[in-house]
Amino acid sequence: MRLKVNDITYNVEVCGEGFPFLLLHGFTGDSSTWTPFCPVWGTHSKLIIPDIIGHGETDSPEDTNCYQMESAAKDLIFLLDQLDIEKIDLLGYSMGGRLALTLAILYPERVRKLILESASPGLKTNEERVLRRMKDEELANFINDRGIVSFVDYWEKIPLFSTMSRLPNSIKQSIREQRLSNKTKGLANSLIGMGTGAQVSWWGKLDLLSSEVLLLTGEKDEKFCKIAENMVENMRKASWIVINDCGHAIHVEQKEKFGTIVSDFLSK
(Lines give C-alpha, C1' and ligand atoms only; values in the text may rest on other atoms or scores of the structure.)
Protein backbone atom coordinates (compact mmCIF):
# COMPACT_ATOMS: atom_id res chain seq x y z
CA MET A 1 0.00 0.00 0.00
CA ARG A 2 0.98 3.64 -0.42
CA LEU A 3 0.90 5.88 2.64
CA LYS A 4 1.76 9.58 2.68
CA VAL A 5 3.65 11.34 5.46
CA ASN A 6 3.83 15.08 4.83
CA ASP A 7 5.07 15.21 1.23
CA ILE A 8 6.73 11.78 1.22
CA THR A 9 4.91 8.73 -0.12
CA TYR A 10 5.98 5.45 1.49
CA ASN A 11 5.54 1.97 0.09
CA VAL A 12 4.44 -0.34 2.91
CA GLU A 13 3.66 -4.05 2.72
CA VAL A 14 1.29 -5.43 5.36
CA CYS A 15 0.52 -9.12 5.87
CA GLY A 16 -0.05 -11.76 8.53
CA GLU A 17 -2.01 -11.77 11.76
CA GLY A 18 -1.04 -11.18 15.38
CA PHE A 19 0.90 -8.60 17.36
CA PRO A 20 2.28 -5.90 15.02
CA PHE A 21 5.89 -6.45 13.91
CA LEU A 22 7.72 -3.65 12.07
CA LEU A 23 10.62 -4.81 9.85
CA LEU A 24 13.36 -2.44 8.65
CA HIS A 25 15.80 -3.42 5.89
CA GLY A 26 19.41 -2.32 5.45
CA PHE A 27 21.10 0.18 3.12
CA THR A 28 20.46 -0.70 -0.58
CA GLY A 29 17.66 -3.08 0.52
CA ASP A 30 13.89 -2.80 0.36
CA SER A 31 10.82 -4.51 1.79
CA SER A 32 11.55 -7.67 -0.22
CA THR A 33 14.41 -8.34 2.21
CA TRP A 34 11.86 -9.91 4.54
CA THR A 35 9.64 -11.69 1.98
CA PRO A 36 11.18 -15.14 2.66
CA PHE A 37 10.14 -14.88 6.32
CA CYS A 38 6.53 -13.79 5.77
CA PRO A 39 5.00 -17.30 5.60
CA VAL A 40 6.33 -18.17 9.07
CA TRP A 41 6.40 -14.83 10.88
CA GLY A 42 2.99 -13.97 9.45
CA THR A 43 1.46 -16.86 11.40
CA HIS A 44 2.23 -15.17 14.73
CA SER A 45 2.64 -11.47 13.84
CA LYS A 46 1.05 -8.77 11.72
CA LEU A 47 4.01 -7.72 9.56
CA ILE A 48 4.49 -4.06 8.63
CA ILE A 49 7.28 -3.82 6.06
CA PRO A 50 8.12 -0.39 4.63
CA ASP A 51 10.65 0.65 2.04
CA ILE A 52 12.76 3.10 4.08
CA ILE A 53 13.02 6.62 2.65
CA GLY A 54 15.27 6.67 -0.43
CA HIS A 55 14.82 2.95 -1.05
CA GLY A 56 12.57 0.75 -3.14
CA GLU A 57 9.28 2.35 -4.15
CA THR A 58 9.30 4.95 -1.37
CA ASP A 59 10.06 8.52 -2.44
CA SER A 60 13.62 9.86 -2.68
CA PRO A 61 13.29 13.57 -1.82
CA GLU A 62 15.99 16.10 -2.66
CA ASP A 63 16.21 17.45 0.90
CA THR A 64 18.74 15.33 2.81
CA ASN A 65 17.26 16.51 6.13
CA CYS A 66 14.30 14.20 5.40
CA TYR A 67 16.69 11.25 5.69
CA GLN A 68 17.99 12.08 9.17
CA MET A 69 17.41 9.27 11.67
CA GLU A 70 15.10 11.29 13.91
CA SER A 71 13.02 12.42 10.93
CA ALA A 72 12.79 8.91 9.48
CA ALA A 73 11.79 7.50 12.88
CA LYS A 74 9.08 10.15 13.22
CA ASP A 75 7.78 9.20 9.77
CA LEU A 76 7.51 5.57 10.86
CA ILE A 77 5.48 6.60 13.90
CA PHE A 78 3.12 8.53 11.59
CA LEU A 79 2.81 5.42 9.40
CA LEU A 80 1.90 3.31 12.43
CA ASP A 81 -0.66 5.92 13.48
CA GLN A 82 -2.27 5.75 10.03
CA LEU A 83 -2.52 1.98 10.43
CA ASP A 84 -4.02 2.39 13.94
CA ILE A 85 -1.10 0.53 15.49
CA GLU A 86 -0.13 1.64 18.98
CA LYS A 87 2.63 -0.78 20.00
CA ILE A 88 4.98 -2.95 18.00
CA ASP A 89 7.72 -5.50 18.03
CA LEU A 90 10.60 -4.12 15.96
CA LEU A 91 13.40 -5.65 13.88
CA GLY A 92 16.11 -3.73 12.07
CA TYR A 93 19.10 -4.87 10.01
CA SER A 94 22.29 -2.78 9.76
CA MET A 95 21.13 0.73 8.70
CA GLY A 96 17.59 -0.38 9.53
CA GLY A 97 18.91 -1.48 12.91
CA ARG A 98 20.23 2.00 13.61
CA LEU A 99 16.83 3.37 12.61
CA ALA A 100 15.06 0.80 14.81
CA LEU A 101 17.24 1.73 17.77
CA THR A 102 16.54 5.41 17.16
CA LEU A 103 12.79 4.77 17.14
CA ALA A 104 12.97 2.66 20.31
CA ILE A 105 14.94 5.34 22.19
CA LEU A 106 12.80 8.27 21.03
CA TYR A 107 9.44 6.48 21.34
CA PRO A 108 9.95 3.81 24.03
CA GLU A 109 6.24 3.55 24.75
CA ARG A 110 5.65 2.26 21.20
CA VAL A 111 8.06 -0.72 21.32
CA ARG A 112 7.47 -4.01 23.13
CA LYS A 113 10.45 -6.04 21.87
CA LEU A 114 13.46 -4.93 19.82
CA ILE A 115 15.65 -7.12 17.60
CA LEU A 116 18.84 -5.64 16.18
CA GLU A 117 20.67 -7.59 13.47
CA SER A 118 24.25 -6.46 12.83
CA ALA A 119 23.49 -2.96 14.11
CA SER A 120 25.20 -0.22 16.09
CA PRO A 121 24.27 2.84 18.17
CA GLY A 122 26.49 4.99 15.94
CA LEU A 123 29.99 6.29 16.57
CA LYS A 124 31.11 7.32 20.04
CA THR A 125 33.19 10.42 19.33
CA ASN A 126 32.69 13.53 17.25
CA GLU A 127 36.06 12.94 15.57
CA GLU A 128 34.90 9.52 14.37
CA ARG A 129 31.64 10.99 13.09
CA VAL A 130 33.41 13.75 11.15
CA LEU A 131 35.70 11.25 9.41
CA ARG A 132 32.80 8.93 8.63
CA ARG A 133 30.70 11.78 7.22
CA MET A 134 33.55 12.61 4.84
CA LYS A 135 33.69 8.99 3.66
CA ASP A 136 29.91 8.79 3.30
CA GLU A 137 29.86 11.99 1.27
CA GLU A 138 32.63 10.64 -0.98
CA LEU A 139 30.60 7.49 -1.56
CA ALA A 140 27.45 9.54 -2.22
CA ASN A 141 29.38 11.53 -4.84
CA PHE A 142 30.57 8.24 -6.34
CA ILE A 143 26.94 7.11 -6.70
CA ASN A 144 25.87 10.41 -8.27
CA ASP A 145 28.86 10.58 -10.62
CA ARG A 146 29.23 6.94 -11.67
CA GLY A 147 25.66 5.65 -11.39
CA ILE A 148 23.92 2.78 -9.67
CA VAL A 149 25.57 -0.07 -11.60
CA SER A 150 29.12 1.03 -10.81
CA PHE A 151 28.16 1.57 -7.19
CA VAL A 152 26.58 -1.88 -6.81
CA ASP A 153 29.68 -3.41 -8.44
CA TYR A 154 31.74 -1.71 -5.73
CA TRP A 155 29.31 -2.41 -2.86
CA GLU A 156 29.19 -6.15 -3.54
CA LYS A 157 32.93 -6.40 -3.01
CA ILE A 158 33.38 -4.52 0.29
CA PRO A 159 34.85 -6.67 3.12
CA LEU A 160 31.62 -6.45 5.14
CA PHE A 161 29.93 -8.78 2.65
CA SER A 162 32.87 -11.09 1.88
CA THR A 163 31.14 -14.16 3.33
CA MET A 164 28.23 -13.74 0.91
CA SER A 165 30.52 -14.85 -1.92
CA ARG A 166 29.76 -18.42 -0.83
CA LEU A 167 26.05 -18.08 -1.56
CA PRO A 168 24.49 -19.77 -4.61
CA ASN A 169 24.69 -17.65 -7.75
CA SER A 170 20.89 -17.46 -7.95
CA ILE A 171 20.70 -15.78 -4.53
CA LYS A 172 23.57 -13.41 -5.30
CA GLN A 173 21.92 -12.43 -8.58
CA SER A 174 18.59 -11.80 -6.86
CA ILE A 175 20.25 -9.54 -4.29
CA ARG A 176 22.10 -7.69 -7.05
CA GLU A 177 18.91 -7.10 -9.05
CA GLN A 178 17.15 -5.77 -5.97
CA ARG A 179 20.01 -3.37 -5.21
CA LEU A 180 20.02 -2.15 -8.81
CA SER A 181 16.30 -1.35 -8.56
CA ASN A 182 17.01 1.50 -6.12
CA LYS A 183 17.28 5.11 -7.22
CA THR A 184 20.65 6.83 -7.48
CA LYS A 185 19.43 9.94 -5.68
CA GLY A 186 17.81 7.93 -2.90
CA LEU A 187 20.94 5.95 -2.04
CA ALA A 188 23.22 8.99 -2.26
CA ASN A 189 20.95 11.10 -0.04
CA SER A 190 20.52 8.21 2.37
CA LEU A 191 24.29 8.08 2.88
CA ILE A 192 24.42 11.82 3.55
CA GLY A 193 21.36 12.04 5.82
CA MET A 194 21.17 8.60 7.41
CA GLY A 195 24.80 7.45 7.33
CA THR A 196 26.60 6.37 10.47
CA GLY A 197 28.56 9.62 10.53
CA ALA A 198 25.43 11.76 10.24
CA GLN A 199 23.47 10.25 13.10
CA VAL A 200 23.82 11.16 16.75
CA SER A 201 25.49 8.62 19.02
CA TRP A 202 23.09 6.55 21.13
CA TRP A 203 25.80 4.94 23.25
CA GLY A 204 24.92 7.10 26.25
CA LYS A 205 21.20 6.32 25.95
CA LEU A 206 21.24 2.51 25.76
CA ASP A 207 20.43 2.12 29.45
CA LEU A 208 17.18 4.06 28.90
CA LEU A 209 15.68 1.36 26.66
CA SER A 210 12.64 -0.10 28.38
CA SER A 211 11.91 -2.88 25.87
CA GLU A 212 13.42 -6.34 25.87
CA VAL A 213 16.28 -6.40 23.34
CA LEU A 214 17.87 -9.17 21.31
CA LEU A 215 21.18 -8.52 19.54
CA LEU A 216 22.14 -10.81 16.66
CA THR A 217 25.56 -10.91 15.00
CA GLY A 218 27.33 -13.29 12.64
CA GLU A 219 30.38 -15.15 13.92
CA LYS A 220 32.56 -13.94 11.05
CA ASP A 221 31.49 -10.29 11.42
CA GLU A 222 34.13 -9.39 14.00
CA LYS A 223 33.46 -5.64 13.96
CA PHE A 224 29.78 -5.97 14.82
CA CYS A 225 30.41 -8.76 17.33
CA LYS A 226 32.61 -6.33 19.27
CA ILE A 227 29.95 -3.63 18.99
CA ALA A 228 27.26 -6.02 20.27
CA GLU A 229 29.48 -7.08 23.17
CA ASN A 230 29.75 -3.44 24.26
CA MET A 231 26.05 -2.77 23.66
CA VAL A 232 24.77 -5.65 25.76
CA GLU A 233 26.86 -4.45 28.71
CA ASN A 234 25.06 -1.09 28.59
CA MET A 235 21.48 -2.37 28.28
CA ARG A 236 19.15 -3.38 31.08
CA LYS A 237 17.16 -6.13 29.37
CA ALA A 238 19.31 -7.36 26.51
CA SER A 239 20.56 -10.72 25.30
CA TRP A 240 23.04 -11.45 22.52
CA ILE A 241 23.26 -14.40 20.15
CA VAL A 242 26.15 -15.07 17.77
CA ILE A 243 25.17 -17.17 14.76
CA ASN A 244 27.89 -19.49 13.51
CA ASP A 245 29.29 -19.63 9.98
CA CYS A 246 27.96 -16.31 8.69
CA GLY A 247 28.87 -12.65 8.44
CA HIS A 248 26.92 -9.40 8.41
CA ALA A 249 23.77 -10.50 6.54
CA ILE A 250 22.60 -13.27 8.85
CA HIS A 251 19.08 -13.28 7.41
CA VAL A 252 20.55 -14.30 4.04
CA GLU A 253 23.46 -16.53 5.05
CA GLN A 254 21.66 -18.46 7.81
CA LYS A 255 18.04 -17.87 6.89
CA GLU A 256 16.44 -20.80 8.71
CA LYS A 257 18.34 -20.22 11.97
CA PHE A 258 17.62 -16.52 11.83
CA GLY A 259 13.91 -17.02 11.24
CA THR A 260 13.62 -19.50 14.10
CA ILE A 261 15.53 -17.30 16.57
CA VAL A 262 13.28 -14.33 15.79
CA SER A 263 10.09 -16.37 16.17
CA ASP A 264 11.28 -17.88 19.45
CA PHE A 265 12.17 -14.46 20.87
CA LEU A 266 8.78 -13.00 19.99
CA SER A 267 6.88 -15.93 21.46
CA LYS A 268 8.51 -15.73 24.90
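If you take every DSSP beta bridge fully contained in the range 1-130, what fraction is antiparallel? Give it as a percent rounded to 5.
35 percent
Kirkwood Rh and Cα-based Rg: tell me the resulting Rg over Rh for the chain, rounded to two decimals.
That ratio equals 0.93.
Which residues' amide hydrogens lie under 5 Å from the amide hydrogen of Gly56, considering only partners 5 or more residues apart or on another chain, with H built in the peptide plane?
Lys183
Where both residues lie in the range 1-58, what percent of DSSP beta bridges are antiparallel, nearest 5? Before the final figure, lay out each step's value.
Working: 8 of 12 bridges.
Approximately 65 percent, going by the DSSP bridge assignments.
So what is the diffusion coefficient of the range 18-102 in µm² per second by Stokes-Einstein at 25 °C and 0.890 mPa s, using a Kirkwood Rh over Cα pairs? Walk me through the numbers before you get to the answer.
On the way: Rh = 13.1 Å.
In µm²/s, the coefficient is 187.
Roughly how big is the chain's charge dipole about its Cα centre, with Cβ charges of +1 (Lys, Arg) and -1 (Asp, Glu), in debye to the nearest 20?
340 debye
In whole angstrom, how far apart do the alpha carbon centroids of the range 1-64 and the range 85-103 sit?
That distance is 11 Å.
Is the C-alpha gyration tensor of the range 147-268 telling us rounded, prolate or oblate? Criteria: a/c under 1.5 is rounded; beyond that, a/b larger than b/c is prolate, otherwise oblate.
Oblate.
Restricting to the chain, compute how many DSSP beta bridges are antiparallel as a %, nearest 5.
Percent antiparallel among DSSP bridges in the chain is about 25.
Cα-Cα over 31 Å: which of Lys74/Lys135; Lys124/Lys268; Lys124/Lys157?
Lys124/Lys268
Carbon-plus-sulfur fraction of the accessible area of the range 59-108, 1.4 Å probe, in percent?
45 percent
Which ³J(HN,Hα) values, rounded to whole Hz and listed in residue order, are derived for the range 39-44 from phi using the Karplus coefficients 6.51, -1.76 and 1.60 in 6.51 cos²θ - 1.76 cosθ + 1.60 with θ = phi - 60°, glycine and proline given as x?
Using θ = phi - 60°, the values come out as x, 8, 5, x, 7, 10 Hz.
If you add up the charges near Ile148, with Lys and Arg at +1 and Asp and Glu at -1, over every other residue whose beta carbon is less than 9 angstrom from its beta carbon, what do you get?
Combined, the nearby Lys, Arg, Asp and Glu give +3.
If Lys and Arg each add +1 and Asp and Glu each add -1, what is the summed charge of the other residues whose beta carbon sits under 14 Å from the beta carbon of Lys87?
-2
Enter the accessible area per residue of the range 59-153 (Å², integer; probe 1.4 Å; all protein chains in place).
Numbers: 4040 Å² over 95 residues.
With all protein chains present, the range 59-153 gives 43 Å² per residue.
Within the range 1-47, what whole-number % of the accessible surface is contributed by carbon and sulfur, with the 1.4 Å probe and all protein chains included in the calculation?
In the range 1-47, the share of accessible area belonging to carbon and sulfur is 54 percent.
The values are calculated or read from the model by the stated rules, or taken from the named source; none is laboratory data. The structure presented is a predicted model; accordingly, all values stated were derived computationally and were not measured. Ideal geometry is used to build each Cβ from the backbone, glycine not excepted, and the neighbour counts take in all protein chains shown. Note: areas computed on protein heavy atoms with side chains; ligands, DNA, RNA excluded. Shrake-Rupley method; radii C 1.70, N 1.55, O 1.52, S 1.80 Å.
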